[in-house]
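Student: I have a structure I would like to understand better, so I am pasting it below and will then ask my questions one at a time.
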Amino acid sequence: MTTRGAEVVVLGSANLDVVVRTPRHPRPGETVTGHDVARVPGGKGANQAVAAARAGAMVAFLGAVGDDDAGRLLRATLEDAGVDTTGLDVVDAPTGTAHITVDDVGENTIVVVAGANATVELDDHARGAIAAARCLLVQLELALPVVAAAVAHARRHDTLTVLTPAPAVSLPDDLLADVDVLVPNQHEASVLTGSDDPERAADELLGRGVRACVVTLGGDGALAARADARTRHPAPRVPVLDTTGAGDAFVGSLAVALVEGRSLGDAVDVATAAASLSVQRAGAIPSLPTRAQIDEVTG
């Protein structure tokens, strides 16, 4: 497979995740004792690329890593999942890192250091790959002007755009108007709109030009909203070990379902099932389910 033959193109971050497990999150100024520490491949872009590939799509990744052990691990991880890495550049900067604390009920906090991700640009190779793809996945762990240019380029070429607004920052209306499906969690939706009510937040985002908004609600599932419909999609009750990869499992599988021609509601049901599988396993990329596993729980 070449980048230009991909169904789903992911423009995003690739990080080494440094994951610490601890009974609870420390308060400001407090030190707590952790159980263990693990270093695993991650980054929202890389996670979503692997999630989409495991869900059955032909996927290409556009991003950057350093010439270091972490960068080589990330490239190998993507390639092992069947992701094309032709567009993964090696640059003169350290590979990005994410420092993650996971407590005993599976909730996490994350600090991201961009590193090589800050060097990613929308070059001719990336533009060609996006124009030829059926779907573009983007997040906000790259420079915002790069994300905005990629989404606008996808819009001009009728490539479906799916944006995860994480880390949450204020977004201009002209960027939102180029987004086909915006997938914030409840916190991100609140940052974007000032409303803690997911339905009101979704309504505001639709009013600002987004064509569809899917607000993920953790254990309560997701809210899918379009101008003509609002639907709730409950999540199955499952034991939760680690929520780190759940959002990326959701988005990657959502994109694949949409590319396959499913309705937004059906795609959200598939994505909710994938996320529920992810939270039962530790880590981000290690927790992402395969197509066979998703099909088994969705029938």
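The values are calculated or read from the model by the stated rules, or taken from the named source; none is laboratory data. Just so you know, these numbers come straight off a predicted model, no measurement behind them. Heads up, the Cβs are rebuilt from the backbone with ideal geometry, glycines too, and the neighbour counts pull from every protein chain shown.
Student: Would a scan of segment 184-197 turn up a residue that is crowded, with 22+ Cβ neighbours inside 10 Å, outside any helix (DSSP H, G or I) and not polar (S, T, N, Q)?
Tutor: For segment 184-197, residues crowded, with 22+ Cβ neighbours inside 10 Å, outside any helix (DSSP H, G or I) and not polar (S, T, N, Q): present.
Student: Of the residues that sit in segment 284-299 and are within 13 Å of Gly245 (Cβ to Cβ), crowded, with 21+ Cβ neighbours inside 10 Å and touching a Gly at 6+ places or on another chain (Cβ under 9 Å), which one is modelled with the lowest pLDDT?
Tutor: Only one residue tops the list, namely Ala284.
Student: Follow-up question, since we're still on this one. Within segment 100-148, track down each residue that is outside any loop (DSSP other than H, G, I, E, B) and at positive phi.
Tutor: Once the filter is applied, which keeps residues that are outside any loop (DSSP other than H, G, I, E, B) and at positive phi, segment 100-148 yields only Gly115.
Student: Pairs needed: first member in segment 287-299, in a helix (DSSP H, G or I); second member anywhere, surrounded by 15 or more Cβ atoms within 10 Å (Cβ to Cβ) and polar (S, T, N, Q); C-beta distance under 6 Å; at least 6 residues apart or different chains.
Tutor: Here the result reads Ser287/Ser278, each pair linking segment 287-299 to a residue that is surrounded by 15 or more Cβ atoms within 10 Å (Cβ to Cβ) and polar (S, T, N, Q).
Student: Given the structure, is Val210 surrounded by 23 or more Cβ atoms within 10 Å (Cβ to Cβ), in contact (Cβ under 8 Å) with a residue 24 or more places away in the chain and part of a strand (DSSP E or B)?
Tutor: Answer is no for this residue.
Student: Sort out which residues of segment 92-101 are buried (at least 18 other Cβ atoms within 10 Å of the Cβ) and farther than 16 Å from Pro41 by Cα, and write them in order of number.
Tutor: The answer is Ala93, and nothing else.
Student: May I pose another question? Looking only at strands (runs of 3 or more DSSP E) that lie completely in segment 22-99, which have at least 3 residues being farther than 21 Å from Thr290 by Cβ, touching a residue at least 12 places away in the same chain (Cβ under 8 Å) and within 19 Å of the chain's Cα centre (by Cα)?
Tutor: 59-66
Student: How many of the residues making up segment 236-256 are over 28 Å from Val9 (Cβ atoms) and of a type in the set (A, V, I, L, M)?
Tutor: 3
Student: How about segment 150-183: which of its residues are assigned to a helix (DSSP H, G or I) and either in contact with a Phe, Trp or Tyr (Cβ under 7 Å, 6 or more places away or on another chain) or surrounded by 18 or more Cβ atoms within 10 Å (Cβ to Cβ) (or both)?
Tutor: Ala150, Val151, His153, Ala154, Leu175, Leu176
Student: OK, next. Determine, yes or no, whether Thr231 is at pLDDT below 95 and surrounded by fewer than 24 Cβ atoms within 10 Å (Cβ to Cβ).
Tutor: Criteria not met by Thr231.
Student: Moving on. Consider Thr243 carefully, then state whether it is among the polar types (S, T, N, Q), at pLDDT below 95, surrounded by fewer than 24 Cβ atoms within 10 Å (Cβ to Cβ) and in contact with a Gly (Cβ under 6 Å, 6 or more places away or on another chain).
Tutor: In short, yes.
Student: Please pick out the residue among Val19, Val10, Val50 that is buried (at least 20 other Cβ atoms within 10 Å of the Cβ) and within 15 Å of Ala98 (Cα to Cα).
Tutor: Only one candidate passes the filter, namely Val19.
Student: Right, something else. Answer with yes or no whether Ala98 is at pLDDT 95 or above and in contact with an Asp or Glu (Cβ under 6 Å, 6 or more places away or on another chain).
Tutor: In short, no.
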